[in-house]
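**Q** Just dropping this structure here.
The values are calculated or read from the model by the stated rules, or taken from the named source; none is laboratory data. Source: prediction; values computed, not measured. Ideal geometry is used to build each Cβ from the backbone, glycine not excepted, and the neighbour counts take in all protein chains shown. The accessibility values were calculated without ligands, DNA or RNA, using every heavy atom of the protein model including side chains. Shrake-Rupley method; radii C 1.70, N 1.55, O 1.52, S 1.80 Å.
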Amino acid sequence: MEKLIITAAICGAEVTKAHNPAVPYTVAEMAREAGRAFSAGAAVIHVHVREDDGTPTQDRERFRVVLDAIRTACPGVILIPSTGGAVGMTPAERLQPTELFPEMATLDCGTCNFGGGIFVNDLPTMEAFGRRMLENHIKPEYECFELGHLAAALDLAERGLAPGAPMHFNFVLGVPGCAPATVGNLDHLVRQLPAGATWTVTGVGRGAWPMAAAGIIMGGHVRVGLEDNIYLEKGRKAASNGELVEKAVRLARELGREIAGPDEARRILSLA
Ligand code: KMH
Ligand code: ZN
């Protein structure tokens with residue numbers, strides 16, 4: 001089995017300091033949390049940005065400053081800025097980080113419930129995001145929140161409207177109102193992947209650790225972080241993203257899977 005790539009989703013757009021005081025907002029906090037995750041074993045950081053007061057934003061210049069600060073704190077790390085942003089943002093707003101030519105970015109693969117809101121990713125929106133990633137030579141991380149999202153992503157690439165093989169997917173399971181975080185759902189998705197594709201699994205909320213374990217033993221990769229889950233274990237909040245990554249590393253070691261550094265992750269993801 002390949003080494004395990006751990007992604008840390010350190011901030012998100014919805015979780016706040018009221019949920020967990022370790023959620024980073026400022027540039028310094030973002031660099032600190034990314035640094036802790038990286039030191040613990042994360043090769044990839046999934047990045048959302050906030051104003052200093054915690055308001056989610058997709059502002060290009062805020063992304064520029066935060067991505068630079070994370071690069072300094074985490075030499076060689078792979079950055080995956082979000083083009084999902086927060087529910088209700090326009091496609092133009094969301095696309096701003098792609099103007100910075102990151103090596104990867106998220107591409108969300110369908111409209112779905114997202115907590116109390118609706119996260120809009122209709123086909124024209126997906127096509128626009130796919131075209132932008134082709135033009136700017138960005139490898140998408142195709143985010144699938146529902147079982148049908150995988151087929152939508154494959155169809156987009158098949159029609160030449162988004163980057164194709166080798167494709168990389170993130171199966172985000174357990175978002176309220178979307179596909180639950182079950183091994184059955186994950187297995188159903190993995191079985192439909194084209195040859196050569198790579199995948200990560202993200203379990204949201206209480207699905208976080210079962211999905212991490214499943215990803216490790218099924219040969220995929222794993223995302224953890226405060227964006228998805230604020231608890232280290234039931235009733236115990238994580239003190240940092242680093243603690244969440246440390247737990248993923250412990251699980252992997254117990255299950256016999258080695259951890260990939262950024263260079264190995266670049267090779268596995270065909271970025272190198
Ligand atoms: N904040 C969610 C509405 C992504 O980063 O691409 C969308 C999200 C997905 O987090
Ligand atoms: Zn995200």
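**Q** In contact with a strand residue (DSSP E or B) (Cβ under 7 Å, 6 or more places away or on another chain) and open to solvent by less than 10 Å² (accessible area, probe 1.4 Å) - does that describe any residue in segment 190-199?
**A** no
**Q** Within segment 71-95, take every residue that is in a helix (DSSP H, G or I) and within 15 Å of ligand 2 (Cβ to nearest atom) and give me the one that is farthest from residue 30 (Cα to Cα).
**A** Applying the filter and picking the extreme gives 93.
**Q** Here's a follow-up. Exactly one condition in (1) aliphatic (A, V, I, L, M); (2) closer than 18 Å to residue 223 by Cβ; (3) open to solvent by 70 Å² or more (accessible area, probe 1.4 Å) is false for residue 77; which is it?
**A** Of (1) aliphatic (A, V, I, L, M); (2) closer than 18 Å to residue 223 by Cβ; (3) open to solvent by 70 Å² or more (accessible area, probe 1.4 Å), only one is false for residue 77: (3).
**Q** Take segment 1-31 and flag every residue that is away from ligand 2 (no atom under 16 Å from the Cβ), without any contact (Cβ under 8 Å) to a residue 60 or more places away in the chain and of a type outside the set (Ser, Thr, Tyr).
**A** Across segment 1-31, the qualifying residues are 17, 18, 21, 27, 28, 29, 31.
**Q** Here is a further query. Of the residues 33, 14, 61, 51, only one is open to solvent by 10 Å² or more (accessible area, probe 1.4 Å), under 26 Å from residue 248 (Cα atoms) and of a type in the set (Asp, Glu); which?
**A** Numbers: 33 fails: open to solvent by 10 Å² or more (accessible area, probe 1.4 Å); 61 fails: under 26 Å from residue 248 (Cα atoms); 51 fails: under 26 Å from residue 248 (Cα atoms).
Just one listed residue meets the conditions, 14.
**Q** So, one more: Anything in segment 31-69 that is closer than 20 Å to residue 223 by Cα, under 16 Å from the mean Cα position of the chain (by Cα) and either away from ligand 1 (no atom under 15 Å from the Cβ) or part of a loop (DSSP other than H, G, I, E, B) (or both)? List them, or say none.
**A** Hits for segment 31-69 are 33, 34, 37, 38, 41, 42, 43, 48.
**Q** Looking for whichever is among the aromatic types (Phe, Trp, Tyr) and under 29 Å from residue 211 (Cα atoms) here; the options are 101, 169. Which one fits? Talk me through it step by step, then tell me what you get.
**A** Working: 101 fails: under 29 Å from residue 211 (Cα atoms).
Selected residue: 169, the only one of 101, 169 that is among the aromatic types (Phe, Trp, Tyr) and under 29 Å from residue 211 (Cα atoms).
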